[in-house]
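J.: Mind having a look at this structure? Questions to follow.
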Amino acid sequence: MAKTAEQVVIERDVAIAASPETVWGFLVDPEKQKRWMGQDVTADVSPGGAYRMEVIPSHIASGEFVEIEPPRRLVYTWGWETQAGAEPSPVGPGSSMVEIELEPEGDGTRLRFTHRDLPSGESAESHTYGWDHYLGRLKIAAAGGDPGVDPWLTGEM
């Protein structure tokens, strides 16, 4: 996690035993995405297209696609919708940016993940915890494995 005066950035580098094309499918196909992250996903995968993902019950992320370069680069805005009766998230819908780059590496893929424009160290810490959890599940699913039921859906965090 890097911090500047204006923003906090999360960066991750993950080796995945699958081709960039396969990994790409797990990033943009809602049915494949639900295997590693989210219980309900809708996505219009086009520049300016909206996405909405219920990651776990009552935790809905939404934003829009900014750059789409299959199967190499995906950029989208990210943030949390405010649920009825809840305080607004400091990371509101579309207020931060996620960038994913895929590069062939041997028989697999090197995934470079960046989440920028987070407003504080606290929000970056909670997002780091979440992304580490879900990128690990992506690594398993894209390689053909079964990450199993997300323990966060069953309250087994």
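The values are calculated or read from the model by the stated rules, or taken from the named source; none is laboratory data. Just so we're clear, the structure is a prediction, and the values are computed from it rather than from any experiment. Here the Cβ positions follow ideal geometry from the backbone for every residue, glycine too, while neighbour counts run over all protein chains shown. Surface accessibility is based on the protein's heavy atoms, side chains included, excluding ligands, DNA and RNA. Shrake-Rupley method; radii C 1.70, N 1.55, O 1.52, S 1.80 Å.
J.: Among the candidates Ala124, Ala143, single out the residue that is among the small types (Gly, Ala, Ser), out of contact with any Phe, Trp or Tyr (no Cβ under 9 Å at 6 or more places or on another chain), under 22 Å from Val41 (Cα atoms) and in contact (Cβ under 8 Å) with a residue 40 or more places away in the chain.
T.: From the options Ala124, Ala143, the qualifying one is Ala143.
J.: Taking Phe26 and the conditions (1) assigned to a helix (DSSP H, G or I); (2) farther than 22 Å from Gly148 by Cβ; (3) open to solvent by less than 40 Å² (accessible area, probe 1.4 Å), which numbered condition does it fall short on, given that it satisfies the others?
T.: That leaves (2) as the condition not met.
J.: Sticking with this one: May I ask you to verify whether Val9 is outside any loop (DSSP other than H, G, I, E, B), more than 22 Å from Pro88 (Cα to Cα) and among the β-branched types (Val, Ile, Thr)?
T.: The answer is no for Val9.
J.: Can you name the residue in the range 29-55 that is in contact with a Phe, Trp or Tyr (Cβ under 6 Å, 6 or more places away or on another chain) and buried (at least 17 other Cβ atoms within 10 Å of the Cβ) and is also farthest from Lys139 (Cα to Cα) among such residues?
T.: Looking at residues that are in contact with a Phe, Trp or Tyr (Cβ under 6 Å, 6 or more places away or on another chain) and buried (at least 17 other Cβ atoms within 10 Å of the Cβ), I get Ala43.
J.: Working only within the range 121-147, note down all residues that are part of a loop (DSSP other than H, G, I, E, B) and either open to solvent by 60 Å² or more (accessible area, probe 1.4 Å) or modelled with pLDDT under 95 (or both).
T.: Gly144, Asp146
J.: Does the range 94-102 include one or more residues that are assigned to a loop (DSSP other than H, G, I, E, B) and at pLDDT below 95?
T.: yes
J.: Listed residues Ser62, Ser58, Ser96, Ser19; which is small (Gly, Ala, Ser) and touching a Leu at 6+ places or on another chain (Cβ under 7 Å)?
T.: Checking each option against the conditions leaves just Ser96.
J.: Something else about it: Condition first: in a strand (DSSP E or B), more than 25 Å from Gly155 (Cβ to Cβ) and either open to solvent by 40 Å² or more (accessible area, probe 1.4 Å) or of a type in the set (Ser, Thr, Tyr) (or both). Can you find one or more residues in the range 70-83 that meet it?
T.: yes
J.: Further question: Note down all Cβ pairs under 8 Å where the first residue falls in the range 26-41 and is at negative phi, the second is buried (at least 17 other Cβ atoms within 10 Å of the Cβ) and polar (S, T, N, Q), and they're at least six residues apart or on different chains.
T.: The qualifying pairs are Phe26/Gln33; Leu27/Gln33; Val41/Gln33.
J.: Being open to solvent by 60 Å² or more (accessible area, probe 1.4 Å) and either hydrophobic (A, V, I, L, M, F, W, C) or at pLDDT 95 or above (or both) is the filter here, so list the residues in the range 1-23 that pass it.
T.: Selection gives Met1, Ala5, Glu11, Arg12, Asp13, Ala17, Glu21.
J.: Quick one: is Val91 crowded, with 17+ Cβ neighbours inside 10 Å, touching a helix residue (DSSP H, G or I) at 6+ places or on another chain (Cβ under 8 Å) and either in contact (Cβ under 8 Å) with a residue 12 or more places away in the chain or under 20 Å from Arg35 (Cα atoms) (or both)?
T.: yes
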